[in-house]
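A quick write-up on the structure given underneath.
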Amino acid sequence: MASHDDISASPTAASDSVFAQLVRAPEDPILGVTVAYNKDPSPVKVNLGVGAYRTEEGKPLVLNVVRRVEQQLVNDVSRNKEYIPIVGLADFNKLSAKLIFGADSPAIQENRVTTVQGLSGTGSLRVGGEFLAKHYHQRTIYLPTPTWGNHPKVFTLAGLSVKTYRYYAPATRGLDFEGLMEDLSSAPSGSIVLLHACAHNPTGVDPTLEQWEQIRQLIRSKALLPFFDSAYQAGFASGSLDADAQPVRLFVADGGELLVAQSYAKNMGLYGERVGALSIVCKSADVASRVESQLKLVIRPMYSSPPIHGASIVAAILKDGDLYNEWTIELKAMADRIISMRQQLFEALLSRGTPGDWSHIIKQIGMFTFTGLNTEQVSFMTNEYHIYMTSDGRISMAGLSSKTVPHLADAIHAAVTRGV
Ligand code: KET
């Protein structure tokens, strides 16, 4: 038996660690941009990496309607901090389904939808992915090329196998509709297809409604299972929440099954509150309730039950006509500012005579512009101009302001004309 004196002190040298062999992981391609930005002491630095809204002053925005509701929640002493159900707040779930499917959705009226609260968009995608990996007969999910960088990781770790379909045509800076249709046509029957509900990230290119209808017909004829990622239902492009939800509603209207992950990060500015929802539309109320029972088994060992605060804010806003209207007005203001940034950046490049066609800046929609700048040009802009953006050339228009547009235009101009 060893005495206490024989017990050596805890290891100090790194080589003694049980984790000594661990290699350092790279930063996340999107969130790592913020890490690098935070380390840069330059006063002219601009963060156009992460898709997060900033004011004209470059500050994060908390919506007024959110502030007001939070005050009400804090002042309400009847509220407590009990665990909420595994599936989240019932009100929040109902109202989230209404927001995406429409108030008069037959699927909701027929109780064919199950909605569970999720940890923002990411957590909702992950729960949906794990549910499918466990209970669906096909384990392959098709993602558009390109797509949000986290999609392949989320679905692979959920237990699905990831394949891709063509989406973006760099030559036209538009949709590769033929490629998309061809690839989905040759996907094995039953495959899962991830679709960006609106404002595709990172390209800012969406199918037209006519194209959506053709995609729907193909998906249904091949019995593919649509999984919508609705991270940007904000009216950023169309100015209307309902218009942004049209593609999803087209698929619900045919009576077929689908999944939707919603996020309130962007449209209510609740990024750090981690509030979102996963809805699964089923063929019957009976199936929907069995699906829900299994979703609980996915969620419980993962994080047990979701947080209460963010979902309470959302529910209060969606429930009350006045608050809802106030929200849509603030949404519109965010959308208008982003659109005006597009116009200003486009004009700034025109006035500098920057070589190339930059009209995609005003044609693309949503939070991002997919500039077409290459990795090398991006690192030049970061090193020389302290402009932080993802290496695929995506810039978050929501992070720009009238003050920073000229600096960005100078940087793009220099990157494009360098060595010419
Ligand atoms: N889907 C898409 C398409 C998406 O762009 C994001 C976030 C999410 C889901 C998840 O968001 P959540 O905060 O979990 O609700 N995109 C931005 C932030 C990030 O990468 O986390 C971005 O692309 O900058």
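The values are calculated or read from the model by the stated rules, or taken from the named source; none is laboratory data. Because the structure is a prediction, the values reported are computed rather than measured. Positions of Cβ are generated from backbone atoms using ideal geometry, with glycine treated the same way; all protein chains shown enter the neighbour counts. Remember, those area values only see protein heavy atoms, side chains included, never the ligands or the DNA or RNA. Shrake-Rupley method; radii C 1.70, N 1.55, O 1.52, S 1.80 Å.
Residues that are in contact (Cβ under 8 Å) with a residue 40 or more places away in the chain and within 20 Å of the chain's Cα centre (by Cα) number at least 2 in the following helices (runs of 4 or more DSSP H) confined to the stretch 95-197: 120-135. Each residue in the stretch 207-249 was checked for being without any contact (Cβ under 8 Å) to a residue 12 or more places away in the chain and open to solvent by less than 50 Å² (accessible area, probe 1.4 Å), and 2 pass.
Summed over the stretch 398-420, the residues that are within 16 Å of the ligand (Cβ to nearest atom) and modelled with pLDDT of 95 or more give a count of 1.
Looking only at the stretch 213-241, residues that are modelled with pLDDT of 95 or more and not hydrophobic (A, V, I, L, M, F, W, C) come to 10 in all.
Looking only at residues in the stretch 297-330 that are polar (S, T, N, Q) and farther than 21 Å from Ala90 by Cα, which one is surrounded by the fewest Cβ atoms within 10 Å (Cβ to Cβ)?
Of all residues in the stretch 297-330, those polar (S, T, N, Q) come to 304-305, 312, 325, 328.
Narrowing the set further to residues that are farther than 21 Å from Ala90 by Cα leaves 325, 328.
Details: Asn325: 12, Thr328: 18.
The selected residue is Asn325.
Examine the stretch 331-347 for a residue that is part of a loop (DSSP other than H, G, I, E, B) and either open to solvent by less than 70 Å² (accessible area, probe 1.4 Å) or under 25 Å from Val62 (Cβ atoms) (or both), and state whether such a residue exists.
The answer is no; no qualifying residue exists.
Counting only residues that are of a type in the set (D, E, K, R) and modelled with pLDDT under 95, the stretch 242-265 holds 2 of them.
If you go through the stretch 258-296 and keep only what is in a loop (DSSP other than H, G, I, E, B) and surrounded by fewer than 20 Cβ atoms within 10 Å (Cβ to Cβ), you end up with Lys283, Ser284. For the structure I just gave you, tell me whether Val62 is in a loop (DSSP other than H, G, I, E, B), among the β-branched types (Val, Ile, Thr) and closer than 23 Å to Thr328 by Cβ. Spelling it out, Val62 is indeed in a loop (DSSP other than H, G, I, E, B), among the β-branched types (Val, Ile, Thr) and closer than 23 Å to Thr328 by Cβ.
The number of residues in the stretch 260-288 being more than 24 Å from Val65 (Cα to Cα) and within 11 Å of the ligand (Cβ to nearest atom) comes to 0. Against the definition (out of contact with any helix residue (DSSP H, G or I) (no Cβ under 7 Å at 6 or more places or on another chain), under 20 Å from Asp206 (Cα atoms) and not hydrophobic (A, V, I, L, M, F, W, C)), how does Gly366 come out, yes or no? So Gly366 fits the description; yes.
Just checking, how many residues over the stretch 364-379 are of a type in the set (Asp, Glu) and closer than 10 Å to Val416 by Cα?
Restricting attention to the stretch 364-379, the residues satisfying the condition of being of a type in the set (Asp, Glu) are 376.
Narrowing the set further to residues that are closer than 10 Å to Val416 by Cα leaves none.
The qualifying residues number 0.
Scan the stretch 365-376 and give yes if some residue there is assigned to a helix (DSSP H, G or I) and open to solvent by 10 Å² or more (accessible area, probe 1.4 Å), otherwise no. Give the derivation first.
Our first condition is that a residue be assigned to a helix (DSSP H, G or I); within the stretch 365-376, this holds for 375-376.
After this cut, where a residue has to be open to solvent by 10 Å² or more (accessible area, probe 1.4 Å) as well, the list is 375-376.
Yes, the stretch 365-376 has at least one match.
Looking at the structure I just gave you, is Thr140 hydroxyl-bearing (Ser, Thr, Tyr) and within 16 Å of the ligand (Cβ to nearest atom)? Break it down into steps so the answer makes sense when it comes.
Working: hydroxyl-bearing (Ser, Thr, Tyr): yes; within 16 Å of the ligand (Cβ to nearest atom): no.
Considered against the rule, which asks whether it is hydroxyl-bearing (Ser, Thr, Tyr) and within 16 Å of the ligand (Cβ to nearest atom), Thr140 comes out as no.
Applying the selection to the stretch 238-259, what residues are within 16 Å of the ligand (Cβ to nearest atom) and under 28 Å from Arg337 (Cα atoms)? Listed by number, the residues that qualify are Asp244, Ala245, Pro247, Val248.
In the stretch 100-121, which residues are on the phi > 0 side of the Ramachandran plot and crowded, with 23+ Cβ neighbours inside 10 Å?
Initially, the stretch 100-121 is screened for residues on the phi > 0 side of the Ramachandran plot, giving 102, 111, 120.
Result: Ser120, single match.
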